[in-house]
Amino acid sequence: MKTDVLVVGAGPAGIMAALTADRAGADVILIDESVFLGGQLRNQTQYVSNLPKNIDSSLGIEIYNELENQLNNSNITVLTNHTMVGSFKNGNIGVSNGEKVFEIQSKKNILAPGAQEEALIFPGWTLPGVMTAGAAQILVNREFVRPGNEAIMVGSNIFSLEVALLLQQCGVSVKAIIEEQLNIQCKDTSKLGEIGNIPIFTSSRIKAARGRGKVEQVIIETPNGENELYVDLICVANGFRPILEPFEILNCEFTYKKGLGGWIPKYDNRFLTGNPNCYVAGNAAGITELGPILLTGEIAAWNALGEIGLVCSIEVDKKTKNLWDELSRLEDEYVFKERLNLINNTSTIKY
């Protein structure tokens, strides 16, 4: 198969990159290892604000539905259940559908593999009933399954509070929110107000989970001593880390940025990595929120189009500047500073 732009990963960043390239007249192939498009966005029933100007604030699932509708009305070749498995000596990308491997010859590649949730290890962490917050969200919103009856949430960022509220809405009693840090991590005061009377234990951690074949009890270490709670569900929101395997396949350089989620590929202000044919977008470029995720996909796509010659350099520079201006407006200040610090130190990348 031949194409102008290959996009790997059909989460919000990958879809936005593919749509941007398609609208400019590029031939685009979009692949994803899942049968479902949209990544975690298609499971989000909460209201999403702080979005780019061309997207109305809405529920996460509604934003996904709009992106999916645009995909259905585009010329993009979408391949679900397809995984990037390697790179050939001629530069082509090896893709597998589970039965065979074939080559995709592309002029430019945009990798948007997203991020994965970090587990939290404690005695009893492998018991049935211990799961990530994202897994609980999928069970409720996609599978229509209530994951438990009585729960605790580990972590106090905005994502964990949103999932705690979701659990309450489907009839789960959330007995406590546990935060290891001194302060609650969520900065959204309205979200803190929504959780109501759920006790929040800061400077606390799980000592152990116990049960016969499943979670039945959790012991929490707090500054005031140990608390024992009888629960059948422990949800862990221990943060996300970028998925890096596709960048390793393409021999990209990496750097460690704590504020962006840990190890990430090096990239410049075009989101071009150390591989001159490979751009990065989305959470793989640094853990962030939905608005900035969408913008990174656009920035990567416009610059890939410019390199191919489908868009003039003047228009690419203008688009890139406007998108960076909006990125600076939407992104968390600390995350944005870390991103700028990364870009300002990319002179060591050898193209």
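The values are calculated or read from the model by the stated rules, or taken from the named source; none is laboratory data. From a predicted model like this one, the values you see are computed outputs, not experimental measurements. With ideal geometry, Cβ positions are generated from the backbone for all residues, glycine too; neighbour counts draw on all protein chains shown. With ligands, DNA and RNA removed, areas are computed over all heavy atoms of the protein, side chains included. Shrake-Rupley method; radii C 1.70, N 1.55, O 1.52, S 1.80 Å.
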Expressed in nanometres to one decimal, the distance between label points 7 Å along Cα→Cβ at residue 55 and residue 228 is 4.7 nm
Using only the Cα atoms of region 256-351, each taken as one equal point scatterer with no solvent, compute I(q) by the Debye sum, divide by I(0), and report log10 of the ratio at q = 0.11, 0.15, 0.19 Å⁻¹.
-0.28, -0.54, -0.87
Work out which helices of the chain, taken as complete DSSP H runs, extend at least 27 Å along their axis over the Cα atoms and score a mean Kyte-Doolittle of -0.5 or more, then list them.
290-308
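Per residue, what accessible area does region 152-245 have, given a 1.4 Å probe and all protein chains present, in Å²? List each step's numbers first, then the result.
Working: 4570 Å² over 94 residues.
Per-residue accessible area for region 152-245 comes out at 49 Å².
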Rounded to the nearest whole Å², what accessible area per residue is found for region 1-53 with the 1.4 Å probe?
36 Å²
Okay, helix-only estimate at 222 nm for the chain: each DSSP H run of n ≥ 4 adds -39500 (n - 2.57), divide by all residues, round to 500 deg cm²/dmol; what do you get?
-9000 deg cm²/dmol
So how much accessible area does residue 58 have, in Å² to the nearest 10, using a 1.4 Å probe?
20 Å²
Evaluated at 4 °C and 1.567 mPa s, the Stokes-Einstein D of region 109-186 based on the Kirkwood radius over Cα pairs, in µm²/s, stands at 94 µm²/s
For the chain, give the percent of accessible area contributed by carbon and sulfur heavy atoms, probe 1.4 Å, rounded to a whole number.
47 percent
Name the residues whose placed amide hydrogens come within less than 5 Å of the amide hydrogen of residue 240, ignoring near sequence neighbours (fewer than 5 apart) on the same chain.
118
Counting just the Cα atoms, what span does region 131-280 cover along each of its three principal axes? Round to the nearest Å and put the largest first.
54, 36, 34
Out of 319, 191, 100, any idea which swings most in a Gaussian network model of the chain, alpha carbons joined below 10 Å?
100
Expressed as a whole number of Å, what is the distance separating the alpha-carbon centroids of region 148-212 and region 241-313?
33 Å
Out of all Cα-Cα pairs in the chain, roughly what percent, to the nearest whole number, are more than 33 Å apart?
32 percent
Counting only residues 5 or more apart in sequence or on a different chain, those whose built amide H sits under 5 Å from that of residue 216 are 210, 211
Label point 7 Å beyond Cα of residue 318 along Cβ direction - residues of region 16-58 with amide nitrogen under 16 Å:
24
Cut-off 10 angstrom, C-alpha nodes, Gaussian network model of the chain. Which of 43, 149, 54 fluctuates the most?
54
Where a ≥ b ≥ c are the square roots of the eigenvalues of the C-alpha gyration tensor, would you call region 149-198 rounded, which needs a/c under 1.5, or, failing that, prolate if a/b is larger than b/c, or oblate?
oblate
